[in-house]
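The values are calculated or read from the model by the stated rules, or taken from the named source; none is laboratory data. The structure displayed is predicted, hence computed values, not measured ones. Ideal geometry is used to build each Cβ from the backbone, glycine not excepted, and the neighbour counts take in all protein chains shown. For the accessible areas, the whole protein counts, side chains as well, though only heavy atoms, and no ligand, DNA or RNA atoms are used. Shrake-Rupley method; radii C 1.70, N 1.55, O 1.52, S 1.80 Å.
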Amino acid sequence: MRNSKLKAKRSKILSLFYFLNLAFFGLFMPQDEAFAELTMDANHSHIKIDFFYHGSTMSVRGTADPGVDLIIKLTSPDGHEVLKQKGKIAGLLWMNVGSLNAEHVPGIYFLHSTKKIEDILSAEDMERYVIGYPALAKHIQMSPVANEEEKTKWFNEFVRFKEDSRLYSTSTGKISLTEKDGKGNYYILTEWPYQVPPGTYTVTAYAVKDRRVVETAQSSITVEQVGVVKTFADMAKNNGALYGIISIVAALGAGFGVGLIFRKGGGAH
Amino acid sequence: MYLYLPVALTSINILIPVGLGLAVGLLSGLFGVGGGFLMTPLLIMFGIPSTVAAATDSNQIVAASTSGTYAHWKVGNVDFKMGFHLLIGGFIGGLIGVQGIKILRAMGNADFVIKMTYVLMLGIVGTYMFIESLQSMKKARKGNEVSLTESPVKESAVTKFLKSLPLQTHYEKSGVTHSALVPIVFGGFVGILAAVMGVGGGFLMVPVMVYILRMPMHVVVGTSLFQILFNCIEVTFLQAYTNHNVDFILAVLLLLGSTIGAQVGTVFGRKLKGEQLKIILAVIVLVVTVKIIFELTLTPSLLLGQAGGH
C-alpha cells in the first residue's frame, strides 16, 4: 500500500520542514496583517510505541495575536488508499462489489477550531489550506465515481470509515484562548489515538481574522515503534521466513507444554 | 491491561484475546474444529485488521490443535494413518483450490460465489448433522433392537462401490476398512472448498469423517485436530513469509487461552456421547449460518472496509 519512494520523499520534505521550524519556531506567512505572532509548541513531538502503548495525549500551545480565531490541524502527508466497497447484489445481499481508489488522502486528519469553521473562514481559504471536510472532499480524488452525487456519497462513507477507525475527527471549542499582557495564549489538549500508525505527522496552527488565514505555524510529530515492538515489526516485515518458523515453533512448544502440564496436573482420567 | 500488537498496529486489552482463545480452544478440543469461522470475525470486531486476524488465527490454531491432538492421542483417539491420508488429499485439494480462486476472480463476482458456497455448505452440513444426530439419539432411547436389524440392510450402492475400490486399507484406530483413495479424494474435496472459501475446513472435515468414512465421533475429533495442525503450520508459514500478516504477540495471547481450552474441551468431550457432540456442533454451525445470512441481508454500518480480507 505504501510506496517507499514516496515515503523517502515525504520524510525529506518533512525533515526540511522540521529544520525550518527549529530555525524560526513559527513560520510566517506573507499576509498583509502585519506583526502577528503565532507560535506553537507540541508537547509530544516524539511518540514512542512500546509494548504497553495505548495511545497518548497531545497538547499544543502557543501565542497568538489577541482577537484572532484559531484552527489546529493534525495531518499526515497525502497518500494513496484502496478500500473495499460494499454494495447490494440482486437487490438483497450486501457484499464487496469493488474497490475504491482514493488519491491525495491524508492518513490522519484531526481538525480543531475555536468556532465553527464555516463561520470564521472563507470558502476560498478553506480550500486553499484544505481545512474542513468540504475542502478535503475537493482535495481527495476518488475513482471510480460516475458523478458528483456518487462522489459525495463515497466521500461521506470514507469519512465515516476513517472516523470509525479514529483516524479522522473534528472538534469545535476545545481550544482555550486566554489573554495576558496584550498577548493571546492558546492551548489544546487532545487525545492521540493508538490506532494512528507509526509515521511523521504535521501539526499546523492557523490564525484566522476577517475570514482569512493571516498566519500559520507548523511543527511535526514523529510516531515510532521502539524496543520489542520494533523488533517484532521489523522481523515480520524483513525476515518473514524466520519469523514464520519462530511463530510455528513457539505455538508447537506451547501446545505440547500445556499438554504436559495437564497430564501431570490432571493425572487420573 | 493493554498490550500493543506490532503487526496489527493496534492496542488490545489482553483479557479479550485470552478469553477468546479459551472459548474457541474449548470448541477445538470438543469438536475437532479449528474455530476460525468464529475467531476471525471476532478478532475483526475487536479492531484487528482482517488480513492479520486470519493469519494470526492460523498461528494460534497450531498451538490449540497441538494441545488438543496431544490430549486425544493420550487416550488413543487419533488415527494417524487416516489423518495422513486425509492430509495428502487436503494438500492436493489446497493447490487446486488456490487455482480455482484465481479462475473465479478472473470471471468476476468471485466474492458472491464464495460467500454463497460458504453459506450453503454451512447450512447443508449443519442441518444434516442436526437431523441425523437427533434421529440417532431417538433411536438410542428406544433401544438397540431397531438399529441392530437395520444396519446390515443399509449397505447402499455407494458403500458397495467404495468397497470395490483398490488399495483397501484397515484403519485400526477407527475400526473401519476403506480404500486409501477414499480419504485422499474426500480430503482433497474439503481442501478445495477450504482454499476457495478461505477457511480451515474443520466443519466440513468432521462430517466427512463421521458420515462418509464412518469413523467413531471421538476418533474423528482427535484425527481432525491432527490434520488441522499440519494445515495450519503450512498456512502460518505462507502468511508470515508472503504476506507478513502474522502478529506473534496476538498469537501468544490467543494461545494462552486456546491451549488450555483445548485440554478442557477434550476432558468434557469424553463425558459426552458421540451423538451429543454432533448435535451441539450442528447447532453451532447453524447459528453461524444464520449470523452470516443476517450480515448479508442487513445494511452494514460502514460501506467501506480495508482491502485484503474477506
Tally up the carbon and sulfur contribution to the accessible surface of the stretch A:127-221 as a whole percent, 1.4 Å probe, everything protein left in place.
47
Acute angle (nearest 10 degrees) that the helix B:15-31 long axis makes with the longest principal axis of chain B, alpha-carbon atoms
10
Am I reading the A/B interface right? What is its buried accessible area, both sides, 1.4 Å probe, to the nearest 100 Å²?
4800
For A:SER220, enumerate residues with amide H under 5 Å from its amide H, sequence gap 5+ or separate chain, H modeled in the peptide plane.
A:VAL203
Amide H of A:TRP192 versus every other amide H placed in the peptide plane: which residues, excluding those fewer than 5 positions away on the same chain, fall under 5 Å?
A:SER56, A:THR57, A:MET58
Diffing the stretch A:232-247: the Karplus 3J(HN,Hα) column from phi (6.51, -1.76, 1.60, θ = phi - 60°), in whole Hz with x for Gly and Pro, holds 5, 4, 5, 5, 4, 7, 9, 9, x, 5, 5, 4, x, 5, 4, 4
Do you know the relative contact order of the stretch B:1-138, to the nearest whole percent, from alpha carbon pairs under 8 angstrom that are 6+ apart?
13
Between B:VAL283 and B:TYR2, what length in nm is gained on full extension when 0.36 nm per residue of separation is reduced by their alpha carbon distance?
97.7 nm
Run the 1.4 Å probe and let me know the accessible area of A:TYR168, rounded to the nearest 10 Å².
0
State the Kirkwood hydrodynamic radius of the stretch A:92-242 in Å, one decimal place, computed from all pairs of distinct Cα atoms.
18.5
When you take every Cα atom in the protein assembly as shown, what is the radius of gyration, and what is Dmax, the widest Cα pair distance, in Å?
29.2, 103
Rounded to the nearest 10 Å², what accessible area does A:LYS151 show when all protein chains are kept and the probe is 1.4 Å?
40
So, R0 is 51 Å and r is the distance between the beta-carbons of A:LEU92 and B:LYS74; what FRET efficiency does that work out to, to 0.05?
0.55
Surface per residue (accessible, 1.4 Å probe) for the protein assembly as shown, Å²:
48
Give the separation of the Cα centroids, the stretch A:131-210 to the stretch B:195-247, in Å.
46
Taking all protein chains in place and a 1.4 Å probe, what share, in percent, of the accessible surface of chain B do carbon and sulfur account for?
70
May I ask you to find the residues of the stretch B:243-260 that are shielded by at least 50 Å² of accessible area once the whole protein assembly is considered instead of their isolated chain (probe 1.4 Å)?
B:HIS244, B:PHE248
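Where nothing but the Cβ of Lys and Arg (+1) and of Asp and Glu (-1) is charged, how large is the charge dipole of chain B around its Cα centre, in debye to the nearest 20? Intermediate results must be reported in sequence, preceding the final value.
Working: 19 positive and 12 negative charges, 150 e Å.
I would put it at about 720 debye.
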Which value results when the Cα radius of gyration for chain B is divided by 2.2 N^0.38 Å?
1.01
Chain lengthening between B:LEU302 and B:ILE96 when straightened (0.36 nm per residue, less Cα-Cα):
70.7 nm
Lys/Arg Cβ at +1, Asp/Glu Cβ at -1, dipole of the stretch B:13-297 taken about the Cα centre: which of B:LEU134, B:LEU250, B:PRO41 is farthest positive-ward?
B:LEU134
Residues hit by the 40 Å² burial cutoff in the stretch B:51-75, accessible area with a 1.4 Å probe, assembly against chain on its own, are B:THR66, B:TYR70, B:LYS74
Under the 7 Å Cα-to-Cβ spin-label approximation, A:THR231 and B:VAL158 lie apart by a distance in nanometres of 5.4
Do any residues of the stretch B:282-305 show a loss of at least 20 square angstrom of accessible area between the isolated chain and the full protein assembly, using a 1.4 Å probe, and if so which?
B:LEU296, B:THR297, B:THR299, B:PRO300, B:SER301, B:LEU302, B:LEU303, B:LEU304, B:GLY305
What helix-only [θ] at 222 nm does chain B give? Using -39500 (n - 2.57) per DSSP H run of at least 4, over all residues, to the nearest 500, the answer is -24500 deg cm²/dmol
A:ILE49's amide H: which non-local residues (gap 5+, or another chain) put their own amide H closer than 5 Å, with H modeled 1.01 Å from N in plane and none for Pro or chain starts?
A:GLU224, A:GLN225, A:VAL226
Show me B:30-39, B:260-269 ranked by packing, highest mean number of other Cβ atoms within 10 Å first.
B:30-39, B:260-269
